[in-house]
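A.B. asks: The structure follows.
The values are calculated or read from the model by the stated rules, or taken from the named source; none is laboratory data. Predicted model only: the values in this text are computed from it and were never measured. Cβ: placed from backbone, ideal geometry, glycine included. Neighbour counts: every protein chain shown. Just the protein is used for accessible areas: all its heavy atoms, side chains included, with ligands, DNA and RNA removed. Shrake-Rupley method; radii C 1.70, N 1.55, O 1.52, S 1.80 Å.
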Amino acid sequence: MHEQVAAAALEGAAANVWLVPLLPFLAFLILSFLTRPWGRVSAAVSILALTGSLVISAQVFWQRFTQGGPPMQVALPWIPLSPDHPLGSIELGLLVDNLSALMLLMVCFVGLCIQIYSTAYIRTEIAHFPTQGSASMSRFFGWISLFTFSMLGLVLSHNLLEMYIFWELVGLCSYLLIGFWYFKHSAAEACKKAFVVTRFGDLGFLMGILMLGVALEGFDFLGLTAKFSQGVPDGLTAGFVALATLLIFCGAIGKSAQFPLQIWLPDAMEGPTPVSALIHAATMVAAGVYLVARIFPIFHPAGHAGEAALVVAWIGGTTAFLAATVAVVQNDIKRVLAYSTISQLGFMMAGLGMGAYTAGSFHLITHAFFKSLLFLGSGAVIVACHSNDLWRMGGLRRHMPFTWFAFLMGCLALAGVPPLAGFWSKDEILGYVHSAPGGTALYLVLTFSAFLTAFYVTRMYFLAFEGPYRSAEKAPADLAGPVPPQAFPAPFPTSQALDVAPEWTEEKAMASGEDLPAACRGAGMEQVPHGGHLPHEVSPWMWAPLLVLAFFAVFLGFAGVPTGLGLGLPNYFEGFIHLSGEGHAHEFHWTPMLVSLVVALAGIALGAWLFARAPERGERRLRAALGPVWPLLAQKWYLDHLWARALAGSMYAGARASAWVEANLVDRVVLSVAQTIRNWGAWLRAEHTGKVQQYALMLLLALVLLAVGIGFVEPGFFTSRQYFLDLLEGGR
């Protein structure tokens, strides 16, 4: 747990940390207003700006690593409040501690690798769309720079309100980049879905910020966490704290695609693959995990898990399990990785919820490297094969040696094979959950999810890189497409579920002969499938960043080797990530590590047995073994359908209620008033006949009525002569 100490002013390399987010923002402005017509120039400007941010981030990280010391921050008044207001004023500032310094370095380094990769990837993709040109490349790098600025600002945020601002900017950039191919209907729908779904979580996030900040009279991270270092602060109840922290965690549920809001992330694969690698694997989806780590003492007052922390742990475990099961049956290489990302984020949340601050944070960093590697590798495969479909790949090991090696390292790291990075970080989560009080059930869920992870990674690898190459023409008809139902009849009909048809996709529309615009053909894939050639190795600008990331996927885990393993290696990560410089006390156990290793090897062995030699036969065996479960997994546990039903039902119910109120209350009152005035007007109009006698009679009647009215108010008007004399005297 964090040990709170007094903050210091920014000094040394940290004094220049404000340039880290500023440089990408300046690049965004330059690309938007000056270099937009020249795509390659824009790419160079964006890369140079991020290189500068990386250099400063590395200096800040080295300063924190070698010198340590208390957190450093600077804060300036932003919104002044009334003098007697307990909050005083709302501030904007920068917070530099070990956690933010590490995140800065990771975001800048991975982002730079992805931007270098993108120079070749986006240029290749743009060539396939006649409506796109050099300005599209500038648009891509401009939005990437804006996202980088937003993410770096989020990491450096001094308080919760400031983080919320950058939180929403990150969501906006995700919307723009998912829908980068705006002329595709599927991409337009995916970016809207991501934006709308994450709003549910962000609303709760804002409510939790206001509840906690107003109650504790401050929003800054160091002040908030310090108040929880000795337990729940005086004046607050455990229930209030649990509610506020769970509302804050709602933001993490949306941004990090946790159950039940994970439905947006697989559809976000409609964006270009570098976007998937940067935003939906390494950085943006990690923002929710970073948020939980940043306010870790609030979830664990005085080092003891609160009610909200247990909810976080079980939501993470549920997410890890559900996503891993769905990944087993996916045939789109990017969707396999998307569900894998959701599952691994669940591992991180489960670890942080159970109190494994070191393990959860470590898996956040290692996952960023090997998952961005896998996404970039999938992009290289897509460029070479012109398809996302695993059944239209195969044999790529012989044709793409550099990509194959890097991708293999990423697969082994994700599967949890020692001594790669993913093994150490995932194993530490499993070990901590295993030893935590009441963590046995969650440990079993996570262990089974780890087995499924090794299995679907092996399936993906063998379908893509081993065996013969299956082009678009050679792919078996019963295995082509995202869900090949012909060869594997479902045990029960899947055309209807809860009165909602299975998810509509443009691939299915194309297969059924629907007439789609030319720009939409091949939607859901990076390129329109076509054959007639063998795959080839991609540009060095693409495979060189893969090899760099592969190096970290292999060796980064040694920075966090458990001290009790007996290898003589210090746990650098554990010693660095804590503000006090002292690691989190966690007793090492051999049993969960050996179980983790056996589980990973078992998953790999099962996947190899099914898919190494005859993948089509292995797929049939898999679906036969799953039986009625397979349609359930193919339709993603029907969670999309349930959300559609819930939202449609609630919105329709609200619409019907609003229609009744409008028809029976609002319209009836308005129409009644209008009809009454209309009737009076008709009566008065009928009295205007043009006859002088009738007008004289009306004047006489009016005078009589006026006199009678005055008589009721002043009776003496008729009965007292003195009344008139008094009126005359008063007039004088």
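A.B. asks: Averaged per residue, what accessible area in Å² does segment 45-163 show with a 1.4 Å probe, protein chains only? Display every interim value, and only then the final one.
C.D. replies: On the way: 3970 Å² over 119 residues.
That works out to 33 Å² for each residue.
A.B. asks: Moving to a separate point now. Show which lysines lie in cross-link reach of residue 636 when reach means a straight Cα distance below 20 angstrom and same-chain residues fewer than eight apart are skipped.
C.D. replies: Partners found: 192, 193, 255, 334, 508.
A.B. asks: Any idea what the relative contact order of segment 1-138 is, in percent, if you count C-alpha pairs under 8 Å spaced at least 6 apart? Walk me through the intermediate numbers first.
C.D. replies: Working: 161 pairs, mean separation 44.9, N = 138.
Once normalised by length, the contact order is 33 percent.
A.B. asks: Once you have the Cα-Cα distance between residue 89 and residue 67, take 0.36 nm times their residue separation minus that, and quote the gain in nm to one decimal.
C.D. replies: Numbers: separation 22, 0.36 × 22 = 7.92 nm, distance 3.27 nm.
The residue 89-residue 67 span can extend by a further 4.7 nm.
A.B. asks: Using Cα-Cα distances under 8 Å and only pairs 6 or more residues apart, what relative contact order does segment 204-351 have, in percent?
C.D. replies: Working: 191 pairs, mean separation 39.1, N = 148.
Relative contact order of segment 204-351: 26 percent.
A.B. asks: Out of all DSSP beta bridges in the chain, what portion is antiparallel? Express it as a percent rounded to 5.
C.D. replies: Antiparallel bridges: around 90 percent, rounded to the nearest 5.
A.B. asks: Related question: Which value, in Å² and to the nearest 10, is the accessible area of residue 656 when all protein chains are kept and the probe is 1.4 Å?
C.D. replies: 150 Å²
A.B. asks: Which angle from 0 to 90°, rounded to the nearest 10, does the C-alpha axis of helix 440-465 make with the longest principal axis of the chain?
C.D. replies: 70 degrees
A.B. asks: Going from most exposed to least, what order do 680, 391 have by accessible area with a 1.4 Å probe? Don't jump to the answer; show the numbers that get you there.
C.D. replies: On the way: 680 170, 391 0 Å².
So, going from the largest accessible area down, we get 680, 391.
A.B. asks: Taking all protein chains together and a probe of 1.4 Å, list 613, 621, 470, 668 from the most accessible to the least accessible.
C.D. replies: Numbers: 613 225, 621 105, 470 15, 668 145 Å².
If we order 613, 621, 470, 668 from most to least accessible, we get 613, 668, 621, 470.
A.B. asks: Report the charge-dipole magnitude of segment 35-170 in Debye, nearest 20, computed about the Cα centre from +1 at each Lys and Arg Cβ and -1 at each Asp and Glu Cβ. Could the numbers behind the result be given before it?
C.D. replies: Working: 5 positive and 6 negative charges, 133 e Å.
So the dipole magnitude of segment 35-170 works out to roughly 640 debye.
A.B. asks: Measure nothing but the geometry: give the 0 to 90° angle between the long axis through the Cα atoms of 639-661 and the longest principal axis through the Cα atoms of the chain, rounded to 10°.
C.D. replies: Between helix and principal axis, roughly 0 degrees.
A.B. asks: In addition: Using +1 at the Cβ of each Lys and Arg and -1 at the Cβ of each Asp and Glu in the chain, identify which of 675, 575, 708 lies farthest towards the dipole's positive end.
C.D. replies: After comparing all options, I get 675.
A.B. asks: Next question. Among 697, 329, 7, which residue has its Cα furthest toward the positive end of the charge dipole of the chain, with +1 on Lys/Arg Cβ and -1 on Asp/Glu Cβ?
C.D. replies: Toward the positive end, the furthest listed residue is 329.
A.B. asks: So, taking all protein chains as they sit and a 1.4 Å probe, how much accessible area belongs to residue 314, in Å² rounded to tens?
C.D. replies: Per-residue accessible area (residue 314): approximately 110 Å².
A.B. asks: For the chain, give the magnitude of the charge dipole about the Cα centre (Cβ charges: +1 Lys/Arg, -1 Asp/Glu; no others), in debye to the nearest 20. Don't jump to the answer; show the numbers that get you there.
C.D. replies: Details: 38 positive and 43 negative charges, 350 e Å.
I would put it at about 1680 debye.
A.B. asks: Hey, quick one: spin label on residue 304, modelled 7 Å out along Cα-Cβ, who in segment 315-356 has an amide N within reach, i.e. under 19 Å?
C.D. replies: Residues 353-356 fall inside that zone.
A.B. asks: Please give the solvent-accessible surface of residue 616 in Å², to the nearest 10, using a probe radius of 1.4 Å with every protein chain present.
C.D. replies: 50 Å²
A.B. asks: For the chain, what is the mean residue ellipticity at 222 nm derived from helices alone (per DSSP H run of n ≥ 4: -39500 (n - 2.57); sum divided by total residues; nearest 500 deg cm²/dmol)? Walk me through the intermediate numbers first.
C.D. replies: Working: 30 runs with 474 residues, N = 732.
Taken over the chain, the calculation gives -21500 deg cm²/dmol.
A.B. asks: Which one, 170, 196, 182, projects farthest toward the positive side of the charge dipole computed for segment 151-202 from Cβ point charges (K/R +1, D/E -1)?
C.D. replies: 182
A.B. asks: Which value, in debye to the nearest 20, describes the size of the charge dipole of segment 89-248 about its Cα centre when Lys and Arg Cβ atoms bear +1, Asp and Glu Cβ atoms bear -1, and nothing else is charged? Please report the intermediate quantities before stating the final value.
C.D. replies: Values: 7 positive and 10 negative charges, 145 e Å.
It comes to approximately 700 debye.
A.B. asks: Could I ask something else about it? Of the listed values [x] 191; [y] 271; [z] 166, grab the one calculated as volume of the Cα convex hull per residue in Å³ from the structure here.
C.D. replies: [y]
A.B. asks: Still on this structure: For the Cα atoms of the chain, what angle does the longest principal axis make with the long axis of helix 590-611, in degrees from 0 to 90, nearest 10?
C.D. replies: Approximately 90 degrees, to the nearest ten.
A.B. asks: Another question about this same structure. When the accessible area of the chain is split by element with a 1.4 Å probe, what percent falls to carbon and sulfur?
C.D. replies: 69 percent
A.B. asks: Excluding ligands, DNA and RNA, what is the solvent-accessible area per residue of segment 317-365 at a probe of 1.4 Å, expressed in Å²? Intermediate results must be reported in sequence, preceding the final value.
C.D. replies: Details: 370 Å² over 49 residues.
For segment 317-365, the per-residue accessible area is 8 Å².
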